Amino acid sequence: MNETVLRDGLLVTTRAMAASGLNRGTAGNASVRCRDGFLITPSGRPYEDCHRDDMALVAMDGSWRGPFAPSSEWRIHRDILAAHPEAGAVLHAHSPFATALACHRRDIPAFHYMIARFGGNDIRCAPYATFGTQALSDGALAALEGRCACLLANHGMLVVGADLRRTLALAIEFETLCEHYWRACQMGTPSILSDAEMAEVIIRFKTYGKPQPTSAPAPDANAHDGPA
């Protein structure tokens, strides 16, 4: 895709993160894969003040070009995109409910079948490490194994998707799910779906939202093949 289009898309996404309540101020960051590496939001810049040309272009060796330094979390974005060739975008946010759970260093169990939307029977919380470090990136990669979202302990959320639009949508779904879990926990320990129940949901999610071939309607059991 044209780099200018990707820059515009990244700017729109970051502003939508704030509008949807995922971020406030300069918290969080987002990236999108491009021909020469990836574009990522600049460090410490309010998104409403950014221009598309402020997005930093980072090569996979960590070198970068742009008027501002890339987000301090560029290593996480680089390592995820390198480890997941199917991924086109990465989003990190300090959203309220995901961050509250992350501060308790909790995995999110299968309290709701929508957990399967993110790839498995649970959503993991990566261990704490200082922001911007390789240790944080390594922990995030392990937490994302077989998943498209995770929590970062005492930090926030991380979501991976095919493109910016779908990654933003996943992040909003994830924050909603975190809110559901937080609220459910206020009433005690939620009931957890079994592995067998989740396995059935995971199978169904493999075709969720994807084009399906048109099939003929099932025959009516009471219908006759010909005249009586």
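Against the globular-protein guess of 2.2 N^0.38 Å, express the Cα radius of gyration of the range 46-150 as a ratio, rounded to two decimals. Please list the in-between numbers first.
Working: Rg = 15.2 Å, N = 105, 2.2 N^0.38 = 12.9 Å.
Its radius of gyration relative to the 2.2 N^0.38 Å reference: 1.18.
For a distance above 19 Å, tell me the whole-number percent of Cα pairs in the range 111-189 that qualify. List each step's numbers first, then the result.
Details: 1193 of 3081 pairs.
The share of Cα pairs beyond 19 Å in the range 111-189 comes to 39 percent.
So how tilted is helix 3-19 from the main axis of the chain? Cα-based, degrees 0 to 90, rounded to 10.
80 degrees
If only Cα atoms are counted, what is the Rg of the chain, and what is its Dmax, in Å?
Every Cα atom of the chain included, Rg and Dmax give 20.3, 81 Å.
How many Å² of accessible area per residue for the chain, probe 1.4 Å? Could you put the intermediate results ahead of the total?
Working: 12020 Å² over 228 residues.
That works out to 53 Å² for each residue.
Carbon-plus-sulfur fraction of the accessible area of the range 71-217, 1.4 Å probe, in percent?
Working: 4130 of 7340 Å².
About 56 percent, which is the carbon plus sulfur part of the accessible surface.
Give me the tail of P(r) for the range 1-95 as a percent: Cα-Cα pairs with distance above 21 Å. Numbers along the way, then the final one.
Working: 948 of 4465 pairs.
Of the Cα pairs, 21 percent sit more than 21 Å apart.
Using each residue's phi in the range 164-181, evaluate 6.51 cos²θ - 1.76 cosθ + 1.60 at θ = phi - 60° and report the 3J(HN,Hα) Karplus result to the nearest Hz, with x for Gly and Pro.
4, 4, 6, 5, 4, 4, 5, 5, 5, 4, 5, 4, 4, 5, 4, 5, 4, 5
With contacts defined as alpha carbon pairs under 8 Å and 6 or more residues apart, what's the relative contact order of the chain in percent? Present the calculation step by step, with values, prior to reporting the outcome.
Working: 393 pairs, mean separation 42.0, N = 228.
It comes to 18 percent, rounded to a whole number.
The values are calculated or read from the model by the stated rules, or taken from the named source; none is laboratory data. Because the structure is a prediction, the values reported are computed rather than measured. When the accessible area is computed, the model is the full protein with side chains, heavy atoms only, and any ligands, DNA or RNA have been set aside. Shrake-Rupley method; radii C 1.70, N 1.55, O 1.52, S 1.80 Å.
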